[in-house]
Every structure is written in C-alpha cells, then in structure tokens.
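Take a look at the structure set out below.
The values are calculated or read from the model by the stated rules, or taken from the named source; none is laboratory data. As the structure is a computational prediction, the values presented were derived from the model and not from experiment. As a convention, Cβ positions derive from the backbone with ideal geometry for all residues, glycine included, and neighbour counts pool all protein chains shown.
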Amino acid sequence: MRMSVDRWQRLLVTPWQRGAIAAVAGALPSLAFPEPSLWWFAYVALVPWLLLMRSAPTSHAAAADGWLGGAGFMFAAHHWLLPNLHVFTFVLALLLGVLWAPWGVLVRRLLGGVPSRRRAAAALVLVPSGWVMIELVRSWEYLGGPWDLLGASQWQVTPALRLASLGGVWLVTFLIVALNTALAVLVALPTARTAAVAGGLTVAVAGSAAWAWAPLPDQAGSVRIAVVQPGVLGGGPDGRARFDRQEELTRQLAGQDLDLVVWGESSVSADLAGRPDLRDRLAAVSREVGADLLVNVDARAADRSGIHKSSVLIGPEGPIGPRYDKMRLVPFGEYIPFRSALGWATSVGEAAAEDRRRGTRQVVMAVPGAGDLRIGPLVCFESAFPDMSRHLVQDGAQVLVAQSSTATFQQSWAPEQHASLAALRSAETWRPMVHATLTGVSAVYGPGGTPVGDRLSAEASAAAVYDVPLGGGTSPYVRLGDWVLYGSLAALAAYAAVEGGRSVRRPAPGTAAPPAHTAHGSPRRPRR
C-alpha cells in the first residue's frame, strides 16, 4: 500500500498535473455535505490530499498543494454560485484557497520523508489544529462566512451531534481530521504505523468516551409553532403575490392552538412604518389564528435611511417590541466589499445593486401570545455562525428561529445544506431551532439536533405545524465556549515555539564547526 516519494514524483510529471490532482483531492470532502450527504466519506476524504502534500519535494510545492487543494474545496463547496457570481466564483476560491498553503507546509514537515513515531503522533494533534484554525479564519463574515465547516457534514449522525454539544462543530471537525491523519500515516508510513494505530485508537476511544459522557438536554415542555413557506411565486418586485400567498396559508392555521407563526426571509417587501395597510393585514391575521407572527422585512426604511433585513414580531395590535436587524451580510449577495473598486461586479453577475445596512446587536424577543416565550431570531446564513446562536441562548432564548430564502439557488445543493445547519445549532445549544424559508427546505429540530416532524421540500407551497420540545439546562458548549479553538491555537503556538528554539540552536548553513581538540588540548588538524 505504501508509495514512495520518488514514485509520486514519477507519476506527477509536471506542476500542472500535480496542481490538478491537488484541486481534485481538495474537492473530495464536499461530497460529505448535502445533497450527496455521504457523511461517512468525511472520515477518509482527506487522505489523498494529505498523501500528496507529504510527498511534496519542497516546502513551496507543499504550499502549492495546500493552496490548490483548498481552492478545489472552496469551489466545490460554492459551485452553486456560478450562475450568479460567474468568474468571481473561481477568483474567490483561489483567494480563499491560500489559507491552506501553510497547512500544506505543516503536513509535509510533520509527515514528509520517514517521520519518527513522535513526529507522527504530534501530527494527530497539529494537523487537525491547523485545519480548525483555517476554518476559524474563513468563518470571518467578510471572507464569506462558515459555509461547509467539515464538522457540519455530520448533521445527521447522532454521536457527532452529542459531541457538538461539548465543543461545538469545531470538536467534530477536529476529530474528523485527526482520523484522516491517522489513516494517511497508516497507509504511507510503515515505520510510524504503530503511532498511527495508537493515535487512531486514542481518537476513537476519546471520542466515544466524550460521547458517552456528554449529558443530554432536559425536557422543559413544548410549544406549537407553524412554518409558512409560500414557494416560488411571481408578483413583481413588490412581492405582492408572495405576501398574499403567505396570508392565505396563515389563515388556514386558525383554530390550531398555535404559539407562534414564522414566515421566511424577505417575506414582507415594504417597511411597515410606511405601509399601515400591510401592518393592519398582518395584525388581522394574528387575531384570526390566535398567535403572534414573526415576519421578515426586506425594504428601504420609511425615513430613507437605507435597506435592512429585519425580523419583526407582529401581534393582534401590530408590531411588538424591538425588531432585529440582520448583522452579518452575505458578500456580493447583500453588499459588495470595497464597492468603489469592485462595483463593476453588478454588471457581471447578480451582485447587490445597493448595500444592505447592518444591525448592531442581537435581540431576544418575548412572544406575549405564548406566555412570553423567548425566541432568538437569525436571518439567512447567520444560522451558519456557531457564536451567534450560542450568544442568543446565553441571553435567554428558548427557541432559535432562522428566517431564510434560497429562492435564487432553488435547484442547487444550497437549500438542503442550509436546512441541515439547524441540526448543528440545536445540538450545540440544547435549544430547538426552526428554519423557515420562502422556498424550502424548511425544517425544525429539537434540543440535541433531533428532527421534529416532516420537512417542507423545496417545491412545497404550504404551512406546517410542529410540536416543538423545549430544552432545559445549559450545554457544555454554551457554558465553556470555543475551547477547541483555543486548544488548537495553543498546540500550534507550542509547536512553533519548539521549532523556533531548534532553529536558533541549529548552526546556520555554511557555518564551520569548531575544530576538534585532542586529549592534550591542541586542535586536531584535519587530514588532507
């Protein structure tokens, strides 16, 4: 099974061939995510890429393998953006792929050549730590946000969800990369196979022990929540047909003893302060069904201060309490970074013609019609950010509610994958999450990430009622926070300090060693 470095070099004749293989190898993990949903593949998908990087003849070649593999992963993860961003999809993939260049060097340094057992064992900690740090950096909203975090591919695996309650999606990612690293060592390095087997068993046993130890959320009653999904409709830019369909579907829910009705993102296309007719219609619907409505307004403010995407709670008398303005916007979709330089993107793809305005703080809303049930709204891809849902739960949210719209990407992988994120957030926080969309997929998950009822498919135009169990207690992840991130950073810092100390003690290239001395103390002349 072992293939030597020389053999690799014979197979990879040119840098172009090697680069193409790196891009394909890097793209493989994307198959673990919806829609393919080959979740089990995540545990072996990194092995070809790791073997390629460890075989690199130089650190520069390893960095190139990491960069092009990262670009392949980013392109595969975001390929559904092609109809909208066109060439920018390739450009963004190449830019984000740079994050994996140092990881390629790290892999080669730890696993290249014939590493000792100690070095192979260190790789089982440092290689996953490096990947986790990459995911942390690319999770920055200005770099596109945390789409396709490797641990999120395990959204339907119960043991992985239990682990997420301990250390968030970061812990699941760490263990996946650690197992891939152990397999790579096992395949390529006979001298370190003992360390690989021991390390792999350690990871498996530690993961199993953590899963067995992880507490389960307490049960704290339930609430009845309805999701309204109008489906793909025409009606022009004012969204009149969509509003009418949502109103019709909501009225059909009358008499079902509801606590809350949730509409999707951009479900209202006019500022309610400037449209009292729409405000009155929403209040009338609330009275008719006997429940408050959570709608989402995507419109220019009546005072002309700009466009926000705002979650607004509507009761029998109209809007209730503070609204929530979306804080983390989608690059190019909702604003253009450096618009003065990149504004021409609007003429190439479907980039935002005008930047949305950002909210300044998260909001927990009390729902009067449900006994002051406290909900934490998130808008669109904010459900991908673990910290946002964790902070809402820390502020007292009993139910997380994500309002989204995937209408632009209706026939792509995006709807399924977006809905799957709700399972991770509920598992991390021990709080149920309602994912309501305009066009699907809408889904509800109970505390711990267990599905509640049937999902609404991307083609559905319907309303569905869910008996949503409430979770009690505080999950370890909410309580302890991002300890996996801090641990990974500490491990890499310690490694850098050790390597830095060795380089200081190591003689500089070309420096002559001091002459050896004889027993009598005089220098021994070198033989000619």
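Observations
- Hits in segment 411-428 - residues which are of a type outside the set (Gly, Ala, Ser), without any contact (Cβ under 8 Å) to a residue 60 or more places away in the chain and under 15 Å from residue 155 (Cα atoms): 415, 418, 425
- Qualifying residue in segment 365-383 (condition: modelled with pLDDT under 90 and in a loop (DSSP other than H, G, I, E, B)): yes
For every residue, the table says whether it meets (1) out of contact with any Lys or Arg (no Cβ under 8 Å at 6 or more places or on another chain); (2) modelled with pLDDT of 95 or more; (3) within 22 Å of residue 231 (Cβ to Cβ).
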{"residue": "441", "(1), (2), (3)": "no, no, yes"}
{"residue": "450", "(1), (2), (3)": "yes, no, no"}
{"residue": "457", "(1), (2), (3)": "yes, no, yes"}
{"residue": "465", "(1), (2), (3)": "no, yes, yes"}
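- Hits in segment 447-461 - residues which are part of a loop (DSSP other than H, G, I, E, B) and over 15 Å from residue 412 (Cα atoms): 447, 448, 449, 450, 452, 453, 454, 455, 460, 461
- Taking each residue of segment 362-379 that is without any contact (Cβ under 8 Å) to a residue 12 or more places away in the chain and looking for partners that are surrounded by fewer than 20 Cβ atoms within 10 Å (Cβ to Cβ) with beta-carbon atoms closer than 6 Å, six or more apart or interchain, yields 372/366.
- Filtered residue count, segment 37-61, keeping only those that are assigned to a loop (DSSP other than H, G, I, E, B) and in contact (Cβ under 8 Å) with a residue 12 or more places away in the chain: 7
- Condition check for residue 204: under 26 Å from the mean Cα position of the chain (by Cα), small (Gly, Ala, Ser), surrounded by 14 or more Cβ atoms within 10 Å (Cβ to Cβ) and modelled with pLDDT under 85: yes
- Residues of segment 389-398 that turn out to be more than 24 Å from residue 458 (Cβ to Cβ) and surrounded by 19 or more Cβ atoms within 10 Å (Cβ to Cβ), as a count: 5
- Qualifying residues in segment 141-153 (those that are of a type outside the set (A, V, I, L, M) and at pLDDT below 95) - the one nearest to residue 88 (Cα to Cα): 144
Residues are listed down the side, and each one gets a yes or a no for (1) surrounded by 20 or more Cβ atoms within 10 Å (Cβ to Cβ); (2) out of contact with any Cys (no Cβ under 9 Å at 6 or more places or on another chain); (3) touching a residue at least 40 places away in the same chain (Cβ under 8 Å):
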| position | (1), (2), (3) |
| --- | --- |
| 77 | yes, yes, yes |
| 90 | no, yes, no |
| 100 | yes, yes, yes |
| 132 | yes, yes, yes |
| 135 | yes, yes, no |
| 155 | yes, yes, yes |
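- Filtered by the rule that a residue be touching a helix residue (DSSP H, G or I) at 6+ places or on another chain (Cβ under 8 Å) and at pLDDT 95 or above, segment 260-277 gives 260, 261, 263.
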